[in-house]
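Engineer: This is the structure I want to talk about, given as structure tokens.
The values are calculated or read from the model by the stated rules, or taken from the named source; none is laboratory data. Predicted model, so just to flag it, every value in this text is computed and none were measured. Note: ideal-geometry Cβ built from the backbone for every residue, glycine included; neighbour counts use all protein chains shown.
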Amino acid sequence: MNNWKVIVGSAVLASVVALTGCQPPGTTAPTPTENTTLAPAFDPENAKEYGIRGAYVGEGIKEAMDALKPEKYEFMDMVSRESLTVEQLAKGEGNITTGILFADQAQVLLTVQKGVVTSIMVGGIPQDKGDKFKTNRGLSMYESIDKVKQLYGDATGDKELTYKGSNYQVVFSLNNGKVFGYRFDVLDK
């Protein structure tokens with residue numbers, strides 16, 4: 001009789017976990033395309049166009065980390081070689097700081113200056129994880145050049161497509177007609 005209760009209890013627990021996911025109560029995974037502040041057409045002057053999973057260049061590091069939700073990360077100042085915390089970066093500490101974030105079993109590289117994200121680089125994502133690293137406009141890794149042009153507009157190039165505003169740019173790296181990496185940057189003035 002006790003075995004039956006254990007089996008039923010385990011089945012109920014497994015069902016709850018399967019239906020709710022393995023996240024703490026009240027949290028949801030970021031949906032890359034839930035950014036409703038984007039215009040229907042690509043706006044090269046809107047900073048929110050230049051990022052992934054709701055994070056974007058020009059945004060504070062704390063807000064970017066909240067959006068990206070990495071499992072692990074490490075930031076290092078490129079001048080002093082000192083490790084820095086997100087709290088230190090948010091206070092503006094460090095010169096030019098780069099960080100490696102591990103999210104969904106893949107790497108994202110960030111550059112931070114004065115507490116602000118100045119670069120987001122994504123590449124080397126496993127093909128089965130491509131949808132988890134959509135741009136804020138909804139482009140998944142490994143999509144076609146045609147999909148890039150549909151979402152961002154016309155551009156030319158065999159190895160890269162670049163879209164640029166006065167303050168920001170995104171470069172899509174291409175191989176065999178598919179996107180295999182992107183880099184979002186704040187442009188130097």
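Engineer: Please determine whether any residue of the range 73-83 is under 29 Å from D43 (Cβ atoms) and of a type in the set (V, I, T).
Structural biologist: no
Engineer: Only residues in the range 130-144 that are crowded, with 24+ Cβ neighbours inside 10 Å count as the first member; pair them with residues that are of a type in the set (S, T, N, Q), Cβ under 7 angstrom, at least 6 apart or cross-chain, and list the lot.
Structural biologist: N136/N35
Engineer: Next up: Hey, Q169 hits all of (1) over 15 Å from V108 (Cβ atoms); (2) outside any strand (DSSP E or B); (3) not hydrophobic (A, V, I, L, M, F, W, C) but one; which does it fall short on?
Structural biologist: (2)
Engineer: Taking K69, is it surrounded by fewer than 17 Cβ atoms within 10 Å (Cβ to Cβ) and touching a helix residue (DSSP H, G or I) at 6+ places or on another chain (Cβ under 6 Å)?
Structural biologist: Judged against the criteria, K69 is not a match.
Matching residues to (1) surrounded by fewer than 17 Cβ atoms within 10 Å (Cβ to Cβ); (2) modelled with pLDDT of 95 or more:
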{"position": "T37", "(1), (2)": "yes, no"}
{"position": "G58", "(1), (2)": "no, yes"}
{"position": "G92", "(1), (2)": "yes, yes"}
{"position": "I96", "(1), (2)": "yes, no"}
{"position": "G99", "(1), (2)": "no, yes"}
